[in-house]
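Peer 1: Before I ask anything, let me first share the structure, which is written out below as structure tokens.
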Amino acid sequence: MSTRDTIAVIAGAVMILALIGKPATTSRAAAASPLTNTDGTRSGLAPLTTGTERRQGADVIRGLRTRPMGSKAGYDRLNYGANWADTAPGVPYAHNGCRTRDDLLARDGHDLTRDGCAVKRLRLEDPYTGRTITRPGQIQVDHVVPLSYAWRMGARSWPMSKRLDFAQDPLNLLPVDGAANEAKDGSGPASWLPPRARIRCAYAVRFAQVARKYRLPVTPADKSTMLAQCR
């Protein structure tokens, strides 16, 4: 081995040793349109801005069934399994050894620093408010179709496996500003929409995609409100 090759090998070894034990840092792609992200595995939620996009979004919403809101009696978060469980039987990211929350932060965050599964640092462009968030503790992962809403619209009769999928499905999950998520609570679109008006059509489409996937009806008022966002 030449002196030059020896130096190159030593330099490479030094770099490897310097990286061992340090959290990994990665970047993520820009937010995806809900129209092209039908399984929820691509990053974020991009606005639908063109006339064609909004017409296509409205077509998704029009396919929803409607019925009056049912009772919340018997609802409990544990009806959907443990919080951020990795054991859902039929959705992406399940059984990968990481909590669902960490999977979602990794999906939507930029400039990530991770320690194993855990996301330690990131930059998140919150679709609901437009804010840039850099502290994981300020982020909550929203169920676009809330768990209590689904319960009142028919999920009480589902088998546990379907409820577990619903709660952990990346199609139904968005990391967002914690305060916005708390303001939403269990509301449907007629009672709450994202503060950022530009994202409301995309939000309505994502709500409709989740409802259609799980064959959930929505209230007539919710459907009307959702259609109005994509005009």
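Peer 1: Please give the charge dipole size of the range 142-224, origin at the Cα centre, charges +1 on K and R Cβ atoms and -1 on D and E Cβ atoms. Round to the nearest 20 debye. Could the numbers behind the result be given before it?
Peer 2: Numbers: 13 positive and 7 negative charges, 73 e Å.
Around 340 debye, computed over the range 142-224.
Peer 1: Which whole-number percentage describes the relative contact order of the chain, with Cα contacts under 8 Å and a sequence gap of 6 or more?
Peer 2: 28
Peer 1: Got the relative contact order for the range 143-231 handy, in percent, Cα pairs under 8 Å and 6 or more residues apart? Before the final figure, lay out each step's value.
Peer 2: Working: 71 pairs, mean separation 34.9, N = 89.
Once normalised by length, the contact order is 39 percent.
Peer 1: In addition: With +1 on each Lys and Arg Cβ and -1 on each Asp and Glu Cβ, how big is the dipole of the chain about its Cα centre, in debye rounded to the nearest 20?
Peer 2: On the way: 34 positive and 20 negative charges, 143 e Å.
Charge dipole of the chain: 680 debye, to the nearest 20.
Peer 1: Right, here's the next one. Using DSSP H assignments, which helices in the chain have an axial alpha-carbon span of 18 Å or above and a mean Kyte-Doolittle hydropathy of 0.0 or higher?
Peer 2: Answer set is 3-19.
Peer 1: Please work out which option in (i) 1.18; (ii) 0.99; (iii) 1.06 gives Cα Rg over 2.2 N^0.38 Å calculated from these coordinates, and answer with its label.
Peer 2: Answer label, from the structure shown: (i).
Peer 1: Same structure again: Would you mind calculating the gained length between Ala221 and Arg123 on full extension (0.36 nm times residue separation, minus the Cα-Cα distance), in nm to one decimal?
Peer 2: Gain on stretching Ala221 to Arg123: 31.7 nm.
Peer 1: Given H placed 1.01 Å from N in the peptide plane, which residues other than close sequence neighbours of Val218 have an amide H under 5 Å from its amide H?
Peer 2: Arg65, Thr66, Arg67
Peer 1: I want to check the label-to-label distance for Thr134 and Arg231. Put each point 7 Å from Cα in the C-beta direction and report it in nm to one decimal.
Peer 2: For the pair Thr134/Arg231, the computed spacing is 4.2 nm.
Peer 1: Also, quick follow-up: Go ahead and set up a Gaussian network model of the chain, Cα springs under 10 Å, then flag whichever of Gly51, Gly90, Gly109 fluctuates most.
Peer 2: Sorting by GNM fluctuation, first place goes to Gly51.
Peer 1: Express the accessible area of the range 121-180 per residue in Å², computed with a 1.4 Å probe while the remaining protein chains stay in the model.
Peer 2: Details: 1990 Å² over 60 residues.
That works out to 33 Å² per residue.
Peer 1: Further question: How large, in percent, is the carbon and sulfur part of the accessible surface of the chain at a probe radius of 1.4 Å?
Peer 2: Using a 1.4 Å probe with all protein chains present, the chain comes out at 53 percent carbon and sulfur.
Peer 1: First measure r as the distance between the Cβ atoms of Thr50 and Ser71, then evaluate 1/(1 + (r/R0)^6) with R0 = 30 Å and state the FRET efficiency to the nearest 0.05.
Peer 2: 0.15
Peer 1: Roughly how many whole Å is it from the C-alpha centroid of the range 153-231 to that of the range 75-101?
Peer 2: Taking the Cα centre of the range 75-101 as reference, the centre of the range 153-231 is 18 Å away.
Peer 1: Here's another thing I want to ask about it. Amide H neighbours of Tyr128 under 5 Å, counting only residues 5+ apart in sequence or on other chains, H built in-plane at 1.01 Å?
Peer 2: Asp177
The values are calculated or read from the model by the stated rules, or taken from the named source; none is laboratory data. In this text, all values refer to a predicted model and were calculated from it rather than measured experimentally. In this analysis, Cβ positions are derived from the backbone assuming ideal geometry, glycine residues included, and neighbour counts consider all displayed protein chains. Protein only, heavy atoms only, side chains kept; ligands, DNA and RNA dropped before computing areas. Shrake-Rupley method; radii C 1.70, N 1.55, O 1.52, S 1.80 Å.
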